[in-house]
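Chemist: Have a look at this one before I ask anything.
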Amino acid sequence: SKSVKIFKPYPPKKPQKIIIRGPLEQVTECAKALKNLINRLNNDIQKKPVEIEHYALENKSKGSLTEYLKQKGVILQVSQKGQNTVVSQLKANSITVKIIEGSIVDEQVQCIAIPTNETFDFSDPISEEVLKKAGPSLKTECDKIVAKSSVFLTGSFDLLDPIKGIIHIVVPTYKDGSQKEDALLLESILTTLRMADQMGFQSLSFSAVGSDNFPDEEVSRILVTGIIKFLHESNNDNTVLQSIHLCSNKRSVLSPLSYYLIKCSEKLKLDHS
């Protein structure tokens, strides 16, 4: 209504309140509409805790994404069995972040992070592969852990050196993004990084945790966002963790992972190669 006026206090950059003036009935209706709008905006912000633009928002088709990555020097190649390939990497302070094409069980790191569910049945393809290589003792140890949290550590058992530990991440069930699933997974990623650092591991490799549950693009964005947040936390000489890998053999994960890593390096002016 023309009789209702909304005033934003000066300065407009950080308004503390909105003043509505006019007839009572129309002001009440306007205030209700504004309140609903603000609630929707707040909900949208909570649903998207990530800080990197989604490549779909820039109208990049899968074909053009491949071309974009090629322009940045990122070419996805089929890696041979048992030989993981570095696709892209980023350097921040003393920490190197690498995107690896290959299998998590072939990683040359001290610790790996894999997905699990609330029943710890190793039904996820990634955890099933790890269990096959690590042997039944891994399942036995998991069954003995009574007070399991969303992130917990076990031994590596029959996995080959240099892998010494396995961090298990309980991936929340993804519905439609309305249950803050992405925020829960992001917090688990951060917890995993902090745990690996506190336990003295110098290198850690994430499998594409959640890719069997979440959309691949969302998993990629959450993983990179969690690592970037950890890099901001770890801007000191006391950080033990020096190398972080993101490992997958799925092109649908590797492409957005590379995209987001490049975007982060450009945004933060870090050394990307």
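The values are calculated or read from the model by the stated rules, or taken from the named source; none is laboratory data. Remember, predicted model here, so these are calculated numbers, not experimental data. Neighbour counts are summed over all protein chains in view; Cβ atoms, including those assigned to glycine, are modelled from backbone coordinates with ideal geometry. Accessible surface is based on the protein model in full, side chains and every heavy atom, while ligands, DNA and RNA are left aside. Shrake-Rupley method; radii C 1.70, N 1.55, O 1.52, S 1.80 Å.
Chemist: Keeping to the stretch 185-205, report how many residues are of a type in the set (Ser, Thr, Tyr), touching a Ser or Thr at 6+ places or on another chain (Cβ under 7 Å) and within 11 Å of residue 223 (Cβ to Cβ).
Modeler: Of the residues in that region, 1 qualify.
Chemist: Next up: Tally up the residues in the stretch 136-191 that are under 21 Å from residue 244 (Cα atoms) and of a type in the set (D, E, K, R), please.
Modeler: 4
Chemist: A further question on this structure: Output the residues belonging to the stretch 164-191 that are open to solvent by 90 Å² or more (accessible area, probe 1.4 Å) and among the hydroxyl-bearing types (Ser, Thr, Tyr).
Modeler: 173, the sole residue that qualifies.
Chemist: Find the residue count for the stretch 246-255, including only residues that are open to solvent by 10 Å² or more (accessible area, probe 1.4 Å) and out of contact with any helix residue (DSSP H, G or I) (no Cβ under 8 Å at 6 or more places or on another chain).
Modeler: Of the residues in the stretch 246-255, 2 are open to solvent by 10 Å² or more (accessible area, probe 1.4 Å) and out of contact with any helix residue (DSSP H, G or I) (no Cβ under 8 Å at 6 or more places or on another chain).
Chemist: Could you look through the stretch 88-109, keep only residues that are open to solvent by 20 Å² or more (accessible area, probe 1.4 Å), assigned to a strand (DSSP E or B) and at pLDDT below 85, and pick out the one that is nearest to residue 166 (Cα to Cα)?
Modeler: Checking each candidate, the answer is 89.
Chemist: Still on this model: Given the residues 258, 220, 234, 243, which is the only one that is open to solvent by 10 Å² or more (accessible area, probe 1.4 Å) and modelled with pLDDT of 85 or more?
Modeler: 243
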